[in-house]
Structure formats: structure tokens, C-alpha cells
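Engineer: Starting off with a structure, shown below.
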Amino acid sequence: MRTDAGITPYVKQIDTVAAEFPAFTNYLYMTYNAVEHDITFEDKGVVVLGSGVYRIGSSVEFDWCAVRAIRTLRSRGVKTVMVNYNPETVSTDYDEADRLYFENINLERILDIYEIECSSGVVIAMGGQTPNNIALPLHRQNVKILGTSPEMIDTAENRYKFSRMLDQIEVDQPLWKELTSFAEAGEFCEKVGYPVLVRPSYVLSGAAMNVVYSPDDLANYLGQATAVSREHPVVISKYIEDAKEIEMDAVAVNGKLMMHIISEHVENAGVHSGDATLILPPQDLDPETIRKIEAATAKIGQALDVTGCFNIQFIAKDNEIKVIECNLRASRSMPFVSKVMEVDLIEMATNAMLGFPVESYPASPIPKSGYVGIKVPQFSFSRLSGADPILGVEMASTGEVACFGKDKYDAYIKALVSTGFTLPKTNILLSIGSFKEKQEMLPAVKRLRSLGYNLFATSGTADFMSEHGVPVKYLETLEDDNDSQKSEYSLNQHLANNLIDLYINLPSKNRYRRPASYVSKGYRTRRMAVDFSVPLITNVKCAKLFVEALARHKEFEIDSVDYKDSNRTVTLPGLVNIQTLVPGISTAASKDFENVSRASIASGFTIVGVMGTGSPKGVEDSASLAIALTNTRNHAHCDFFLSMNANIENANNHLKETTALFIPFSPIAGRALTTVSEAAKYFSSWPTNSPIVTDAKGTDLASILLLASLHNRSVHLTGVSSRDDMALIAMSKDKDLQVTCDIEVYSLFLTREETGSTLLPTKADQDTFWSNLQVFDCFTVGSLPYRLAAEKGVPAANTGILETLPLLVDAVNKGRLTMEDLIAKLYTNPRKIFSLPEQKDSYVEIETDRASVITDTSGPFVGKVFSGTVHRVVLHGETAYLDGAWYTTGSVGEDLSSAAKTFTKTIEKIAVLPSVSTTQASILSPRLGPTEVPVPSTPITRLEARRGSVQIDTPVPGPVQVAKELLPSSISRILNNSPFSHRHILSSKQFDRNELHTLFSLAHEMRTQVERHGSIDLLHGKVMCSMFYEPSTRTSCSFAAAMSRLGGTVVSVDGSSSSVVKGETLADTIRTLGCYGDLIVLRHPDPGSAATAAKFSKVPIINAGDGIGEHPTQAFLDVYTIREELGTVNGLTITLVGDLKNGRTVHSLVKLLAYYHVTLNFVSPPSLRMPEEVKVELTKAGVVFSEYTGLNEVIAVSDVVYVTRVQKERFSDLEEYERVKSAYIINNKMMRKAKTQMIVMHPLPRVTEIEPEVDFDQRAAYFRQMRYGLYVRMALLALVLGKSF
């Protein structure tokens, strides 16, 4: 009628240049408020309908399809017209299509555009259900619909037509009926049995669709459903429980399949496909099921004469398949399957719809194995108040994330984490409704328990799990808040207080989504989980998959399925760890050997020499040997050989099944040989063709060397840990004694000073080791890592193995070692010493420039990043380990004890390889060929005859300054987001905890860089002015050193030699220094002086102490020290001792400690108590503190004792000073009352408050505190002045 009356809209361009110039931007709209068109219509382009507004059920996946269709058309030279009204989409970018209309997708408007553009056709298959709904009306208006006929679309959409068609082609479907009255609905449901699926016709994303379990539910639902879908009848289908849902995405031309891709849902049928977890390629489908699905798809495609893309959803149970629905359009899963299979289905479909040639079943370049893609939904329940966060037939997700992995578990956990899902650390809550799902989840729950998680459960679940031997803690849910309920039994309080890391809630029945006014216990706890950001899983299949993925999860590391590899790879022969501690080697049923061999193969060790010692007993007699052999049988993931442990009583009992004798002087358990005379028995009785190994040290070592000389036999010395012992061994070698030795790798990378453990060498010893590596014949793991872990109470059999090769390769990359060193000391020399047979077809591939983060142990290197990763280990021609995955069964490892060659009487002297570049070695990369890693030569050292004397002929080069262009990305990232940038640093309370975290993070990075390179060229050209009106050593030198190490310059001024003595004011001094420098560090005796200076300064002021006011940078380094020393600040009891009235350091410190959960003790004379204003601030912050006059009252409970000097300069009455100056003295006697794990801190200088004898106590942290201060002040200066490049 409108058209007949000549009322037609005009096409106008959106003016994007405000009428200043002619507008040519491709933004078009239609209006009746015009008299002419802004454009001409000569293109006759193809109209592509978009998806419209983003909403649940229609989102970016359809926009991707529309864009791919447009790009395919344009690549074919076809003009395009895009119709969409969502500016958030890519399809509405002005340059994506030749014409872009911002218009509603409805019949009237599309007809207007089609007629005005004189379009050659309309593509309606890419925009989801909205364009599909107007396909038939458009067709009936003589609009040319490209692709499948709209009639066929209607056949697929109309239940009756589709059902008849399926019956005709003999494809099964669930029983269904179209509802015309309540009575008919009830009769049908009683006939087929509940549950049933109820939904309106022509629905998008399951709107108003639900599973109904009872007549009452049916009546309730139908009362709502008719309101939301009045124009179409409601369809009721038999709901098949425990069936698997399968997606089929396909492309056909004239009904003939050109490509099809099958993917499976994790969840059983009943979860909307848009909310389902999708796996491709399918992992658990029976081949017969796949065959039937392919056959049914071909029939349906042929019957509907499909040209273009289409999607079919199947359910399968017991190899019987049924069709749920068929959509003759692009589906949500098509972008996913196209990217996973690397075959663009939309491109194929677009070409098919326009009649262009289409290649049938193009080859997919994806790997045939070890490659899985998973798509998981992203929900927004936290923004949907009252919504029940359960999965059902009605779509609820608002997005999706897809990830790749080597298997479905790897891909699934990556995808979940990508949605923001947090992996549980400790506590998991279970609430499983039905008995059937309790049984189904039982193995998974047991798996969680075996992984070490604390399990909590609601009443029914707790009873069931307890009956089946799974210990869980019962939590109770209440309908209403009940203050009388104990918190340890309250589910609500556990959720509200974030004590639960994961909530697995499996409702009894997945009923229709309840209104928010209906509050059940399950609904309430699910909503609490969402509202308190507790990860929630509500589907049993997803829960099982997640538990298995969690059990298999090792670490998040980019692997070959996620990227195209360009790392440098070197190939080494299978490595040998000659001294491998297996604590339970002779303990019946011990898993230690299996764990050790498994860790060893992952670390590149294809042979391990099992030490004779063990806990509680080693391999010492026939009985213990039999147990050891039993423990190794079918549990060896690599080759191995055994040693016998000397125990005084077995000197004449040579176990032929062992390769060597181990004489323990420092056993991990049991009795050591106390005298050399006991060891001497073995030198005379032990077979000469079997090597002797010992860990003797000091005078015992000297005696062992003498015995070896007297008996003219070889001896191997393991675990050399001091330079004196090394010098003695070197002299013995010079005298041609048959002596070899090894060094434990930990001894090269950890020191006594760093860890406080006397098991480790001193820094001086370690430096000597590095300078004289040619003395050591082998590297080994040894017993040191286990003994260190035992000191901390966390011994593990495989401790220290996984980090060995990353540590050594990282040292190669840094020029401290060469690849030849590794080959000599981990392959060539071990084989010679122990006469080991050659391992054929065994090698290790190492990616030398790939980052390796130690996460699988609790050792000292956890979380540290090294450059060097084991990529692949091949044992006997078979891949045993590949990128984090083990492919051994435990039966591949061979016992080499009896295969070892017969030793000659004199051991061949092992040559020391010169340290040359790896370019000269025949280390070949299967990917890149010879590796080119230039390595500087190792400094040559000379050992004097005098024991322990080492003289270095070639000096070690000094530290190299790191250029700012080469800064690690972690530093650049922090500097680019600096909260301190060009700010005055006047008070500790200026900054919040997040800003402190930023400072401390950068301080840690600075520490790493200083330790590696000495300095960083970050503030080159910057000048720091240091103005100190009071004497200072630590603060002034610390800032000066920090600035120098950052590449800046320091101008120092003091109050005694500057114009201050002439009467110059603080303001004038600050203004003057501001002209010369970029930053001023100020110390002044007057409180508030720093704030005053800031008023007159055009450059940042850093308060280095303002009388009795504050000293914020000291507080920063104090908190950092506590973190570094004790690991955390939270939960500590911190005692502040001394002059708390005048101590500006403690005034600043307590303000920072208020950000943490700490308990504070103030110990001071009555006249030097903490100022009231400071205590008021602490009270407001909720910090618990107590005041004392005696240190003895609190020393035993203190984690930190922070001692301050009683400052003489703050006293006007010297008698008062003399009375209180020695009120508290920390000495060894006092320290005996303190915890073993605590620290003593002091800002220094000290007078008499800490006696020098305490300096030698490991708990004395005040000098380390100064070193930490350097890093903190470097970080602070960089954050205030620096920018990354």
C-alpha cells in the first residue's frame, strides 16, 4: 500500500565530517525525511544480512560468518551490501562492504533496500535465526534468496514438515507432539513418560524452552510459554536422558555433501548447544555412531536440497542416533570448527551459494594426533541478578572461548582458565543431588582426594562419600541467616568468606529456570557462589572432565599445538645421573623409584645410578636387594644401575647384582662409617672390577685417598662441597691417583649464605668451583636436594631432578658452561667411570632458548624462570617424554648393573675438554641444523700445592651493564604503568597495598638484574640531587648506589658544607637543586620539612627522613625485607623495640603494616612510647597492637623483632638519655628465647642495642636489610623517573 502510494524512503549518508566537507563515508541509512538519495544505485550487489544486536543466542560468531561471506564475495569481484544495525560488529566497519546500511533486519526494510539497490540476491544464511525468520516472506515477495530454497528452510523449521521428511528418509527422531491444548499436552506426556522437552516453534537459542519433569511443572510452564510465543504452537518432545549430543556442521551443493565436520558435546543432551562444551575432533564417539551420523546427514542434505551451509544436532545413546533439529544456516559452531580444522566452511558455503566451484572435502592440515580444540561457554551470571546459574535447554551464555591442547584435558583446562575460571588450590565443596550422579562422581571425588584437596559436602553428599571411604567435612545450609550456626559447619559462611576454591553443585533435576523470588537451598548457594566469585560447576560431565584435567594438569606452557615453533634445539646423547638418591629403594612397595625414574626421564636422564644409601635402609644385603629389585620391576621409566651400601657388616658380602659400592660418611638415614678403618676393609675385600664411591669429606677424604693409593685402585668421590676438598682431589689427580669426582648441581647454584643451610658451600667455595670446573669429572643430582628439602620438612624422592638440566642449560646460555661441558660431565665421563654400555637410539632434544619455569617441586627454585627446556627424550628408539607428556609404561627401563663392563685395574685418566663454542661441536638440531651459541672461554685457574689455595691467572670479567633497550618485558610492563611516576614520596601512607606490590615486584626484578649484570642503563642522563642536613651513611649511600646502578648521576650536598651554613633557606636550596637535577632526595631534622620542600620543588622530592616524622623509603625496604626473609607479611607478630617516640622509621613502618593482617607489639620505656596519633591510626585500621616495657614478655612469640636506636640527638636531657639508652639489648642470651624462624631487623646505625655477637646469627637480617634497601630504592627511582623503551 505504501509503495503503491509512492511513499518510499531515501538513502542518506551519515555525515562524519560535520558538514565541513562532502561526506563519502560508507555509512548509510534510510529515511522518509528527504527529497533525494545521497548515492546512486548501479552496483546491483549481493545483500548479506547480519545478525543484529548482540544478545544471548546471537553474538559474534554470526558476525564472523557474515564478514567471511562478504570477504569471499569481494574476493570474487562481487559487489556487496551489508545490512546490520549493530555498530559493535566487524561487519559494520565502513570498509568491509561496498555498501553498509544501518537498518533493522525486518521484512519491510530489507525489501526497501533490495528494491532500491536492484540487488542480484540476498544471503540470509549468515546472520543466525533472525534473517532465517524472514526467509520465506522475502521469498514470497519475489526476493532472490541465494543458497538453499526458503521453502526448504521452512521445511526444516516446521516440526511437522521436518518430521514427515525424516520419516520418509528413515532417519529417527524423538517422539514429539505440537501442543494445541493443555489436555492434549497432558495425555501426550503421560504416554511417552516424563521428562519431556517443551518449546515454542521458531525459537532462537532455546528461548522459552525447558525440560519438564512432572504434570505440575508442565502446567506451570505452559502458562508462561504461551505468553512468550503466541504466534506459534508449542512443541513437546520426549526428552531422552543420559544421551550424548553431537554437532554436525556441513556444506553441500545441490544436496550433495562437500564437507562435513563432527564435534561432540561434553554435557549430555539437555544443555543448549550454545552453552555446551564442544570438542573437536571428537574423542569419545563410537565409530558406528559416527557412521550413522554421516549417513543421516547425507540423507537430510539430499532431502532438503541444501546449497550452502547447514547444521544438524543429533543425540546418541547406545549407538542409536536421533535428530534433534536442523538449521539451514550458519551455526554458532562454524567459526570454531573452521578454525580448528583450518577449513573455512563459510567460504565454501558462500562459493556454493553463488555457483562458484567448490572443492569437495579439502585436505585439513591439522595433525592426525595430539591435537584437540575445545570451546567452552562464557557466562555473565554475576550481572544477571537472581538468575539461577545452571545449564539447561535455554541458552544463557554470553560468549565463548576456544583453546587447543594435546588432548581434551589439556585443551579444556586452558579454555576454562581463559574464561576467568580460577583453578582450586585447597578447598572444594560438593553438593550432588541425585544418587545416580553421586555414583558417577565417586571416582572423580576420590581423585580429588588423592590430589590433596580438602573436600566439603552437603548432608546427602557427605553421607554418601563417607560410606564409600572418602573423608569429607560436612557443611550445613540454612534457608535463613542463622547467627547461632557455627562457622565451621556453615556452607553459607564458607562461601561468603571465600573459603571455598571450587563449588561443584549438581542439582537433582535440571528444571526450568526458576524466578528469583523462589529461593531453595541449592539455588541460594549457587547464587552465593556467583556473587562471591567462587568458581562453579553445575554439570556432572563437565565436573568429571575438569577433575581429570586437573589431575593431569602440570603447568601452563605454550606447546606445539598452540604455536609455530621457532626455538633453537640441540640434541644431546642420553644423559647419566650417576648418583641418584632413592630414599625408599629398599622399602617394600615404595613408589620412590618409580617417581624418581619418571622425573629423570623428563629431565633428560636416560640412565640413573641408584645410590646404595636409603631411608630407613639402603641396599645392604640380599634381602634389601631383593626388595629393591622388586621396586624397580615394571616401574623403571629409564635405564638404571644399583649400588651397594657399606654398613660395616657387609665388607665380605659383594652383591653381584650391583655395579658399585657406596661408602657413606653422611647418610640420609642409618649409620655412617665412623672411622676410616671401617672403610679400609672394603678396599681390601671389594672386587677390583667394581668401583667404590664415597661422600667422604675433610680428613676422611684425605684418608680415603691414601687408601686408594695404597691399594692401587680407583675411587669416585661424590658431592664435593668445599674448595679445600676440591684442592686435595686436584692434587691427587696431578699425582696420577685413580681418582674421579663429581659435584652436585645444587652446589653450583645455591650457597650457604642464600639459604642458611650448612649443607651447601659458601659463596667463596662456589666461586672457586666455577673457576675450576675442569677438576670435576661429572655433574650429578646427588642427595643434596633431598637433604635440603628434609631440613624444611618437605622431603620428596624426586626433589632436585626436574630443575637440573634447566639450570645447566641456563648457565650455558649465560656463558658459564658449554654444551661440551654437559656432554662430558653427564655422558662421556659417567660412562667411562662406571663402564656403562652404550644406549642405542637414545637422545635428548633441548630447546635452549625456551623458558622453563620450575613448578613441579617445592625446592628453592620454584617459580624461577630458566632458559632451557627438555623438549623430547627418546629411549631405545621410542619417545619416552615429549613437551610435558610421558609415554613410558615403566617397563621400558633396563637394569644395567650386570651389563656394566669389567673395570680395568687402573682407571683411564679422563681428559678435560677445552671450553669452546658449541659451533665447533657436532650437536645437530633436527629443526635448525647446527646450533650457533657463542660461548666465551672459561677463565683458567691454577691450583697451588698448598691445600685450598687457589690462584686465578685470568681475571673474571666484571659485570656487564644491561642496556635499557634489552630490559626484560616484566620491567618494561611495570614501568609503563608506574603509580609513582613523577610523584613526591613524602609519607608511607600515600600509597596503597597495590602500589606497594608494584614497588616490590620491580625491586625483585632489580635484584635479579643486579645479581646478573651489576647495573642497568635505565636512567642514563638523569641526575639525582642528594641533600642531607643530617649525617647519614646507609640512606645516602643506598640512594647514590641505586642511582649509579641505574646508569644515572648523583650530585651530593650536605648541610655542613653548602650555603645552608650561610643562612640559605630550605625553599631556596630546593629551588636551586631543582635546576640541576631530575629528583631530590632530602633529609632534614624538622618534621614536615619534606612536605614543605615539595611545595617549592618542580621535581619529585623523596623524603629520606624528616626529624621524628617519617622515613617512607626505609619503611618500604623494611616491609620488603620481611617479605623476602619470611615469605609473607600477613599473619606475623612484629615487635618494635626501642625509641618508638622519636623513631621515624617505625612511624612509617607501622602505617604500611596496617595494610596487612599483623599483630604488633610495642616495647619501649614509658617515656619513649609510640605517639598517640600513630596508635589512633592503627586502631582505625583495625590493627591489633599491645604495649610492653619488657622484651622478655614477647620475644618468644615474635616473628620479627625490629630494633631501633635510642637517638641521643633527640634528647635535650642527657641524663634521661643515659637512663634509657641501654634499656633493651639483643644478645645471644636473648636470642635463645626467640623462635628459630624469625628475624632481627634494625635500620642502623646501632649503638649498644644489638651486640656484635648477634651478627653471626642467621636470624640477624639487618645487613641483608641494607642490601634489600638498594633494590627497593632502585625500583623507587625507576618508578619515579624511568620509562621503558
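The values are calculated or read from the model by the stated rules, or taken from the named source; none is laboratory data. Keep in mind it's a predicted model, so treat the numbers as computed, not measured. Neighbour counts run over all protein chains shown; Cβ positions are idealised from the backbone, glycine included. These area figures cover heavy atoms from the full protein model, side chains too; ligands, DNA and RNA do not enter into them. Shrake-Rupley method; radii C 1.70, N 1.55, O 1.52, S 1.80 Å.
Engineer: Using r as the Cβ-Cβ distance of residue 887 and residue 1256, and R0 as 56 Å, what FRET efficiency do you calculate, to the nearest 0.05?
Structural biologist: Calculated value: 0.60.
Engineer: Between the helical axis of 723-734 and the dominant principal axis of the chain, each derived from Cα atoms, what acute angle in degrees is found, rounded to the nearest 10?
Structural biologist: Around 80 degrees separate the two axes.
Engineer: Tell me which of 1114, 67, 156 sits at the most positive position along the dipole axis of the chain, charges placed on C-beta atoms (Lys, Arg +1; Asp, Glu -1).
Structural biologist: With unit charges placed on the Cβ atoms, the residue in question is 1114.
Engineer: Let me ask something else about it. If you wrap a convex hull around the C-alpha atoms of the chain and split its volume per residue, what is the figure in Å³?
Structural biologist: Enclosed volume per residue, from the Cα hull, is 239 Å³.
Engineer: Okay, moving on. Give me a comma-separated list of calculated 3J(HN,Hα) values for the range 408-423, in order, Karplus coefficients 6.51, -1.76, 1.60 applied at θ = phi - 60°, integers in Hz, x for any Gly or Pro.
Structural biologist: 5, 6, 4, 5, 5, 5, 5, 5, 4, 4, 5, 7, x, 5, 9, 5
Engineer: In addition: So how strong a dipole does the chain carry about its Cα centre when Lys and Arg Cβ are +1 and Asp and Glu Cβ are -1, to the nearest 20 debye?
Structural biologist: In total the dipole reaches around 2220 debye.
Engineer: Taking a threshold of 24 Å on the Cα-Cα distance, which of the pairs 814/840; 735/814; 591/840; 554/864 fall above it?
Structural biologist: Distance filter (> 24 Å) returns 814/840; 735/814; 591/840.
Engineer: Which value does Rg/Rh take for the range 603-686 over its C-alpha atoms, Rh per Kirkwood?
Structural biologist: Values: Rg = 13.2 Å, Rh = 13.4 Å.
Across the range 603-686, the Cα-based Rg/Rh ratio is 0.98.
Engineer: Something else: Are there any GluC sites (Glu not before Pro) in the range 147-187 that are in a DSSP loop and have at most 14 other Cβ atoms within 10 Å? List them by number.
Structural biologist: The qualifying sites are 170.
Engineer: Okay, next question. For the range 1029-1077, what is the accessible area per residue in Å², given a 1.4 Å probe and the full set of protein chains?
Structural biologist: Accessible surface, normalised per residue, equals 50 Å².
Engineer: Can you give the angle from 0 to 90° between the axis of helix 540-552 and the longest principal axis of the chain, with both taken from C-alpha atoms, to the nearest 10?
Structural biologist: Helix 540-552 and the main axis of the chain meet at about 30 degrees.
Engineer: Same structure, new question: Using a/c under 1.5 as the rounded threshold, could you call the range 985-1024 rounded, prolate or oblate? The axes a ≥ b ≥ c are square roots of the C-alpha gyration tensor eigenvalues, and prolate needs a/b larger than b/c, oblate otherwise.
Structural biologist: Oblate shape, in that a/c is at least 1.5 and b/c is the bigger or equal ratio.
Engineer: Report for the chain the percent antiparallel among DSSP-assigned beta bridges with both residues inside it, nearest 5.
Structural biologist: Once the DSSP bridges in the chain are tallied, antiparallel ones form about 45 percent.
Engineer: Between residue 1026 and residues 5 or more places away or on another chain, which pairs have amide H atoms under 5 Å apart, with H built 1.01 Å from N, and which residues are they?
Structural biologist: 1051, 1052, 1053, 1081
Engineer: Could you tell me the accessible area of residue 718 in Å² (1.4 Å probe, neighbours in place), rounded to the nearest ten?
Structural biologist: We get 10 Å² for residue 718.
Engineer: Can you tell me the order of 1093-1105, 117-129 when each peptide is scored by its average per-residue count of other Cβ atoms within 10 angstrom, highest first? Numbers along the way, then the final one.
Structural biologist: Details: 1093-1105: 21.2, 117-129: 23.8.
Going from most to least packed, we get 117-129, 1093-1105.
Engineer: In terms of the ratio Rg/(2.2 N^0.38 Å) built on C-alpha atoms, what value belongs to the range 360-456?
Structural biologist: Normalised by 2.2 N^0.38 Å, the Cα Rg of the range 360-456 equals 1.38.
Engineer: Once the Cα atoms of helix 215-228 and of the chain are each reduced to a long axis, what angle between those two axes, in degrees from 0 to 90 to the nearest 10, is obtained?
Structural biologist: 70
Engineer: Under 11 Å from a point 7 Å along the Cα-to-Cβ line of residue 1067: which residues of the range 1094-1108 have their amide N that close?
Structural biologist: So the set is 1095-1097.
Engineer: If you take the charge dipole of the chain about its Cα centre, with +1 on Lys and Arg Cβ and -1 on Asp and Glu Cβ, which of 416, 1066, 1277 is farthest toward its positive end?
Structural biologist: 1066
Engineer: Could you give me the ³J(HN,Hα) list for the range 994-1008, computed from phi with Karplus coefficients 6.51, -1.76, 1.60 and θ = phi - 60°, whole Hz, x at Gly and Pro?
Structural biologist: With the stated coefficients, the range 994-1008 comes to 5, 5, 5, 4, 4, 4, 5, 5, 5, 4, 5, 5, 4, 4, 4 Hz.
Engineer: With a 10 Å radius around each residue's Cβ, average the other Cβ atoms per peptide and rank 460-473, 398-411, highest first.
Structural biologist: So the order, starting with the most tightly packed, is 398-411, 460-473.
Engineer: On the protein heavy atoms, probe 1.4 angstrom, tell me the percent of accessible surface of the chain carried by carbon and sulfur.
Structural biologist: Ligands and nucleic acids excluded, carbon and sulfur give 50 percent.
Engineer: Which aspartates and glutamates have a Cα less than 17 Å from the Cα of residue 1235, not counting those fewer than 8 places away in the same chain?
Structural biologist: 791, 1125, 1193, 1199, 1255, 1257
Engineer: With every protein chain left in place, what is the accessible area per residue of the range 23-155 in square angstrom, probe 1.4 Å?
Structural biologist: Per-residue value: 41 Å².
Engineer: What ranking, highest mean first, results for peptides 25-34, 977-986 when packing means the other Cβ atoms within 10 Å averaged over each residue?
Structural biologist: Ranked from most to least packed, the peptides come out as 977-986, 25-34.
Engineer: Please list, or write none, the lysines whose alpha carbon is within less than 30 Å of the alpha carbon of residue 12, excluding same-chain residues fewer than 8 places away.
Structural biologist: Qualifying lysines at Cα under 30 Å: 44, 79, 144.
Engineer: Mind listing the phi-derived Karplus ³J(HN,Hα) values for the range 346-362, rounded to whole Hz, using 6.51, -1.76 and 1.60 with θ = phi - 60°, and x for any glycine or proline?
Structural biologist: 5, 4, 4, 5, 5, 4, 5, 5, 9, x, 6, x, 10, 6, 7, 6, x
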